[in-house]
Amino acid sequence: MKIIVIGASGTIGAAVVAELSARHEVVRAGRSSGDFRVDIADPASIERLYTQVGAFDAVVCTAGKVHFGAFDQFTPEKFDIGLRDKLMGQVNLVMLGLKHIRDGGSFTLTSGLLNDDPIREGVSAAMVNGGLEGFVRGTAIVLPRGLRINVVSPTVIEESLPSYAPYFRGTKAVPASEAALGYAKSVEGAQTGRVYRIGWSRDN
Ligand SMILES: NC(=O)c1ccc[n+]([C@@H]2O[C@H](COP(=O)([O-])OP(=O)(O)OC[C@H]3O[C@@H](n4cnc5c(N)ncnc54)[C@H](OP(=O)(O)O)[C@@H]3O)[C@@H](O)[C@H]2O)c1
């Protein structure tokens, strides 16, 4: 398969590239690194990426920014960061990718645990992750041509703990290589409309 990984240089993205490139042709994309440059917050940039890459079998997105901060300091502009980047960036990857992806292809997006297991600074992340999971479930039942869509929701990643640990006390972390398995399952498996929770459960 020819698989575009957006966010390929990131903590999770690099592990996804390592996992998938053993078996597939992986095209790496990022805002400032990779085989191709793309800003997922800019639909014209997404359109350019797809035109440059040509036909492909799967898109994996491990990019997406949200603002973290105290609830009472949030402004419409701070919410807008997550809405434009992590939420609509990934939604637009799907919408604009439809006319370029081959029959039977797949989209795999990234959310995270914060909509089910919130932290004080994470109200925007919780909102955006919930939106992404609803989008994936809603889209899975209407995608044409045997296309599939899933979202991976990792717990906090071990490699990110040097900066994230104070926000995630008591939360189990997993290495990025374990999160990468969720992406492999989505791309190489047969399921659609799924939220793959990696390293955490809704019962905790
Ligand atoms: N790390 C965790 O513990 C964790 C846990 C759960 C969920 N998540 C979610 O997983 C996603 C990735 O996290 P991460 O820690 O792997 O991030 P990261 O290490 O900061 O890497 C982000 C990657 O995305 C690219 N990128 C950033 N903004 C972009 C944009 N607007 N357009 C295109 N590419 C862009 C970056 O490329 P350049 O460097 O080239 O700009 C980089 O390759 C995020 O949505 C995050 O919320 C992370």
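The values are calculated or read from the model by the stated rules, or taken from the named source; none is laboratory data. Remember, it's a predicted structure, so these values are computed and weren't measured experimentally. Virtual Cβ from ideal backbone geometry, glycine too; neighbours counted across all protein chains shown. Heads up: the accessible areas ignore ligands, DNA and RNA and are worked out on the full protein's heavy atoms, side chains in. Shrake-Rupley method; radii C 1.70, N 1.55, O 1.52, S 1.80 Å.
A few comments on the model shown:
- In terms of packing, defined here as the mean over residues of other Cβ atoms within 10 angstrom, the peptides 135-143, 25-33, 68-76 line up highest first as 25-33, 135-143, 68-76.
- Karplus-based coupling profile of region 102-110, in residue order and whole Hz: 6, 3, x, x, 9, 10, 10, 9, 10, with θ = phi - 60° in 6.51 cos²θ - 1.76 cosθ + 1.60 and x standing for Gly or Pro.
- Longest to shortest principal axis, alpha-carbon extents of region 1-102, angstrom: 47, 27, 19
- Mean-square fluctuations from a GNM of the chain, with a 10 angstrom spring cutoff on Cα atoms, peak among 191, 90, 52 at 52.
- Cα→Cβ-extended label distance, 7 Å offset, between residue 77 and residue 47, nm: 2.8 nm
- Accessible-area ranking of 99, 2, 185, largest first, probe 1.4 Å: 99, 185, 2
- Fraction of alpha-carbon pairs over 13 Å apart in region 15-64 - percent: 60 percent
- Size descriptor, Kirkwood hydrodynamic radius, that averages inverse alpha-carbon separations across region 29-156, Å: 15.1 Å
- Evaluating kT/(6 pi eta Rh) at 10 °C and 1.306 mPa s, with the Kirkwood radius of region 113-204 over Cα pairs in the Stokes-Einstein relation, gives 113 µm² s⁻¹.
- Local electrostatic count, residue 49, Cβ distance below 14 Å [Lys/Arg +1, Asp/Glu -1]: +2
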